[in-house]
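> This is the structure, below, for whatever I ask next.
The values are calculated or read from the model by the stated rules, or taken from the named source; none is laboratory data. Note that the structure is predicted; figures quoted are calculated from it, not measured. Neighbour counts are summed over all protein chains in view; Cβ atoms, including those assigned to glycine, are modelled from backbone coordinates with ideal geometry. Remember, those area values only see protein heavy atoms, side chains included, never the ligands or the DNA or RNA. Shrake-Rupley method; radii C 1.70, N 1.55, O 1.52, S 1.80 Å.
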Amino acid sequence: MRRIISVLMENEPGALSRVVGLFSQRGYNIESLTVAPTEDNTLSRLTLVTIGDDRKIEQITKNLNKLVDVVKLVDLTEGSHIERELLLVKVRANGAQRDEVKRSVDIFRGQIVDVNSSIYTVQVAGTGEKLDAFLQALGEHTIMEVVRSGVSGIARGEKVLSL
Amino acid sequence: MHILPGEEIEETQVELLSGGDMLVRALQDEGVNLLFGYPGGSALHIYDAIFRQKSIKHVLVRHEQGATHAADGYARSTGKVGVVLVTSGPGATNAITGIATACMDSIPMVVISGQVPRDKIGEDAFQETDMVGCSRPVVKHSFLVKNAEDIPEVVRKAFYIARTGRPGPVVIDIPKDVTNPSERFPYRYPEKLRMRSYTPAGKGHGGQIRKAVALLLSARRPVIYAGGGVVQGEGAALLAELARCLNYPVTNTLMGLGAFPGSDKRFLGMLGMHGTFEANTAMHHADVILAVGARFDDRVTNTPGKFCPGAKIIHIDVDPASISKTIIADIPIVGTVAFVLGEMLETLKSTEEQPDQSAIVDWWRQIDDWRERHGLYTAPRYQTDGALIMPQEVIRAVYDMTEGEAFVTSDVGQHQMFAAQYYLFDKPRRWINSGGLGTMGFGLPAALGVKIAHPDKEVVCVTGEGSIQMCIQELSTATQYHLPIKILCLNNQALGMVKQWQEMQYEGRLSNSVYEESLPDFVKLAEAYGHLGVKIERRGELHVKLQEAFAERDRTVFIDVYVDPSEHVYPMQVMPNGSMRDMWLSKTERT
Ligand SMILES: Cc1ncc(C[n+]2csc(CCOP(=O)(O)OP(=O)(O)O)c2C)c(N)n1
Ligand SMILES: [Mg+2]
């Protein structure tokens, strides 16, 4: 099963390498990983997406918790949550294509953030699934370059991950 | 606050120290009085600071691996943190094997490594290696010290992390310029530590403990399976009380030997790959297993899918990640072994309930029958009338001669298994071996660390002619610091354990497991280092010569015993796909 694990950790050099090292050392896979400092600049928040059965995920969370730099973590997929990923895509947009791309962007509630005579650069935010669908709608031949931020997430409602 | 040389500061009660002096002072404030190490460029400021003080003794080893194993032996035999000091680059990488050894066996250790100056880091400077990076997978935690002011707090944290929770090695990497003697900073050792991200487990969950006691009391075929965590967690006395109060059988892992007295009649011997027939068979048939400070290692469980099919499992461990890792626990309890065992005993004492005595009597009858049939302690399971010396009888003889009281360190191989099987430890911290990593070369330096901690005790390093050559240079350290130990080499003229596997699984193709007449004369070698060498080749002279060697109290004695080179270690679990009870009992006999 796909899981989104959110980790609060000390904003220290080497902390990220310990997390990444743990995954490679123990043979856990990482689908995506994002990290940035939080509003408290002594802390970073890391979101990682991994795949495994319940037992594997239990081991992953236990071993993450064991890392001295990790302050707290939550498996967002255990409750209702919001998941977002940012996609930037550069597409060929000539003639009739221009309108077609524009329509797809509107349907997926994206924005065109850069334009020239033959190219649109589009930004879309959403779940990984939505971004996949958008890319599919664009069609392979129009796509010049894709960059995805990796997933970040947050729990719905009252639940917060903080100190 | 950065104070230049000669500059005055107002706050007179705060002392100004250089980074190097701060480090040494912080170690003193942490109660350290012993370092094992080896100097080099990046560590020279620190070495100079050591020269200028008196309370910390530094032991100069002959190879940094030796320093880590010696500190490890010191730590295992005392429960204190072992401390190592090495230089950058090759000094640091030489220490890696010993750090990994300590990590696998959860041994508290702090390793301080010099590093190139801050402005050279990342430039492939002379003797630069990324020590924090190299050691990352084999440490509990590590620090790169960026500023001299941070030294006291880093040292405080490093020791706290190393010895609490599930203990382990911590690396402190210090760039040379951070220890510069001409820059001084205010020194204050932190009294309190605040670490929001590190909270080791303490008390176990009361409800789980009560459930565990109820399950234990309902058992008809119980086994207590105790590991190194009982030794490390100071739980041995409580464990013995629990086992005796319930009259339940106990088996120890290789790491747990001594956690329960080897001479107690409730002791089944070691379990696992070379465990006793009775221990492995009892585990297989158990209905309740109480695992304490043990981690269901693959050398214990054999095939996990076939592990103890009828057993409900209670698992006590300070490390939550050890629980349900390979074998699912029915009742997991995260907490210190001492706390949880203490609570279990209290609960037992306050309940009217009793185990089903007739079931327990039947269970003991069954176990005694297994012991009678193939047990290691009911009859010799090795040849007793041949011409050659059997390795098992050497260990038995040394056990008798030392009255079971010696500290025994070991290397890795057949000799290690014979020592584990035939030297019965009644006390924890007496059996010192690399169980997790299986590091050849561990035994001799570890013995030196033990001897420094226990100068009046007999320390025996059981080794093989293969393993001893991996850290043989430490014979010189034994000379320099006058550390009289016994080295008992079970010389089978081969990498015996490798050869055993080749004979059992590769139709006897001995690929690179023999030395072709190249072995050194160990007697002369020992003498070259200023020690005594004794060679024992004939069966008839074994006891007399051993007696003579052990009568020597003041010198290191290298006892080179030529044993039957064809002997194998049995029992040996059948692999792959075997269960706990599937064992070879001899070259021809299988369960
Ligand atoms: C550093 C290291 N290298 C290789 C091994 C693999 N190994 C395990 S036992 C063994 C043979 C050890 O020979 P010896 O010390 O003579 O002991 P014996 O088995 O003969 O008693 C070897 C090579 C190891 N455990 N450690
Ligand atoms: Mg050998």
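> Assign unit charges at the C-beta atoms only (+1 for Lys and Arg, -1 for Asp and Glu), then state the dipole size of segment A:9-82 relative to its Cα centre in Debye, rounded to the nearest 20.
Magnitude of the dipole: close to 280 debye.
> Quick check: pseudo-label points 7 Å beyond the Cα along Cα→Cβ at A:Arg84 and B:Ala387, how many nm apart are they?
Result: 8.6 nm between the two label points.
> In segment A:14-29, what residues drop by 40 Å² or more of accessible area when the other protein chains are put back, versus the chain on its own? Use 1.4 Å, and skip ligands and nucleic acids.
With the partner chains in place, segment A:14-29 has these residues losing at least 40 Å²: A:Arg18, A:Gln25.
> Between B:Glu372 and B:Asn33, what length in nm is gained on full extension when 0.36 nm per residue of separation is reduced by their alpha carbon distance?
117.1 nm
> Which whole-Hz couplings ³J(HN,Hα) result when phi for each residue of segment B:413-418 is put into the Karplus expression 6.51 cos²θ - 1.76 cosθ + 1.60, θ = phi - 60°, listed in order with x for Gly and Pro?
Karplus-based 3J(HN,Hα) across segment B:413-418 equals x, 4, 4, 5, 5, 5 Hz.
> Treating the angle as unsigned and between 0 and 90°, give the value, to the nearest 10°, between the Cα long axis of helix B:542-551 and the longest Cα principal axis of chain B.
30 degrees
> Return the Rg/Rh value of segment A:78-163, two decimal places, where both radii are evaluated on C-alpha atoms and Rh is the Kirkwood radius.
Rounded to two decimals, Rg/Rh equals 1.10.
> Another question about this same structure. Given a Förster radius of 60 Å and the C-beta distance between A:Val146 and B:Ala214 as r, what FRET efficiency does 1/(1 + (r/R0)^6) yield to the nearest 0.05?
The value I calculate is 0.55.
> Moving to a separate point now. Could you do me a favour and compute the accessible area per residue for the protein assembly as shown, 1.4 Å probe, result in Å²?
That works out to 42 Å² for each residue.
> Right, something else. Would you mind giving the three semi-axes, in whole Å and largest first, of the ellipsoid equivalent to chain B according to its Cα gyration tensor?
42, 32, 20
> Quick one: dipole size for segment B:1-137, taken about the Cα centre, charges +1 on Lys/Arg Cβ and -1 on Asp/Glu Cβ, in debye to the nearest 20.
Using only the charged Cβ atoms, the result is roughly 760 debye.
> While we're here: Report, by chain and number, residues whose modeled amide H sits under 5 Å from the one on A:Ala93, excluding near sequence neighbours (fewer than 5 apart, same chain).
Answer set, sorted by chain and number: A:Ile119, A:Tyr120.
> So if we plug the beta-carbon distance of B:Ala551 and B:Asn577 into 1/(1 + (r/R0)^6) with R0 = 60 Å, what FRET efficiency do we get, rounded to 0.05?
For R0 = 60 Å, the calculated efficiency reads 0.75.
> Taking a 27 Å limit on the Cα-Cα distance, which of the listed pairs B:Lys524/B:Lys587; B:Lys140/B:Lys176; A:Lys72/B:Lys157 fall beyond it?
Pairs exceeding the cut-off: B:Lys524/B:Lys587.
> Okay, next question. Sum -39500 (n - 2.57) across every DSSP H segment of at least 4 residues in chain A, then divide by the residue count to get the 222 nm mean residue ellipticity, nearest 500.
-9000 deg cm²/dmol
> Please report the antiparallel percentage of the DSSP beta bridges confined to the protein assembly as shown, to the nearest 5.
The answer is about 45 percent antiparallel.
> Take every Cα pair under 8 Å in segment B:453-591 that's 6+ residues apart, average their separations, divide by the length, and report that relative contact order as a whole percent.
24 percent
> Let me ask something else. Using a 1.4 Å probe on protein heavy atoms only, how many Å² of accessible area do B and A hide from each other, summed over both chains and rounded to 100?
Heavy-atom accessible area buried at this interface is about 1600 Å².
> While we're here: Expressed as an acute angle from 0 to 90° and rounded to the nearest 10, what is the orientation of the C-alpha long axis of helix B:206-218 relative to the principal long axis of chain B?
For B:206-218 against chain B, the angle is about 20 degrees.
> From the square roots a ≥ b ≥ c of the eigenvalues of the alpha-carbon gyration tensor of segment B:1-144, which class results: rounded (a/c under 1.5), prolate (a/b over b/c), or oblate?
Oblate, since a/c reaches 1.5 and b/c is not below a/b.
> Give me the distance in nm between label points sitting 7 Å out from Cα along the Cα-to-Cβ direction at A:Leu163 and B:Lys306, one decimal.
For the pair A:Leu163/B:Lys306, the computed spacing is 5.3 nm.
> While we're looking at this one, here's another question. Can you list the residues of segment B:307-324 that have at least 50 square angstrom less accessible area with all protein chains present than in their chain by itself, probe 1.4 Å?
B:Ala321
> While we're on this one: What residues qualify as long-range amide H neighbours of B:Leu34, i.e. H under 5 Å apart, gap of 5 or more or another chain, H built at 1.01 Å from N?
Amide H neighbours of B:Leu34: B:Lys57.
> While we're on this one: Specify the angular offset, from 0 to 90 degrees and rounded to the nearest 10, of the alpha carbon long axis of helix B:443-453 from the longest principal axis of the alpha carbons in chain B.
It is inclined by approximately 70 degrees.
> Quick check for me: using +1 on Lys/Arg Cβ and -1 on Asp/Glu Cβ, what's the dipole size of the protein assembly as shown about its Cα centre, in debye to the nearest 20?
1240 debye
> Please report the relative contact order for segment B:62-199, taking Cα pairs under 8 Å with a sequence separation of at least 6, and give it as a percent rounded to a whole number.
Over segment B:62-199, the number comes to 26 percent.
> I would also like to ask the following. Give the span of segment B:545-591's Cα atoms along each principal axis, as three whole-Å numbers ordered largest to smallest.
50, 19, 15
> Among DSSP beta bridges lying fully in chain B, give the percent that are antiparallel, nearest 5.
10 percent
> Put simply, what bits of segment A:61-104 lose 50 Å² or more of accessible area when the other protein chains are there, versus the chain on its own (1.4 Å probe)?
Buried by 50 Å² or more upon assembly, which counts only protein chains, are A:Lys62, A:Lys66, A:Val68.
> Same structure again: Under Stokes-Einstein, with the Kirkwood radius over Cα pairs standing in for Rh, what whole-number D in µm²/s applies to segment B:381-507 at 4 °C and 1.567 mPa s?
Once the numbers are plugged in, D ends up at 86 µm²/s.
> Which listed residue (A:Ala137, A:Tyr120, A:Gly157) has the Cα farthest towards the positive end of the charge dipole for segment A:115-163, taking +1 on Lys and Arg C-beta and -1 on Asp and Glu C-beta about the Cα centre?
Toward the positive end, the furthest listed residue is A:Gly157.
> Let me ask another. What translational D, rounded to a whole number of µm²/s, comes out for chain A from Stokes-Einstein when the hydrodynamic radius is the Kirkwood one over Cα pairs, at 37 °C and 0.692 mPa s?
Translational diffusion coefficient: 188 µm²/s.
> Given the -39500 (n - 2.57) contribution per DSSP H run of 4+ residues, what per-residue ellipticity at 222 nm results for chain B, rounded to the nearest 500 deg cm²/dmol?
Helix contribution divided over all residues of chain B: -10500 deg cm²/dmol.
> For chain B, what's the relative contact order in percent, using C-alpha pairs closer than 8 Å and at least 6 residues apart?
With pairs under 8 Å counted, the relative contact order is 14 percent.
> At a 1.4 Å probe, what is the % contribution of carbon and sulfur to the accessible area of the protein assembly as shown?
C and S atoms contribute 50 percent here.
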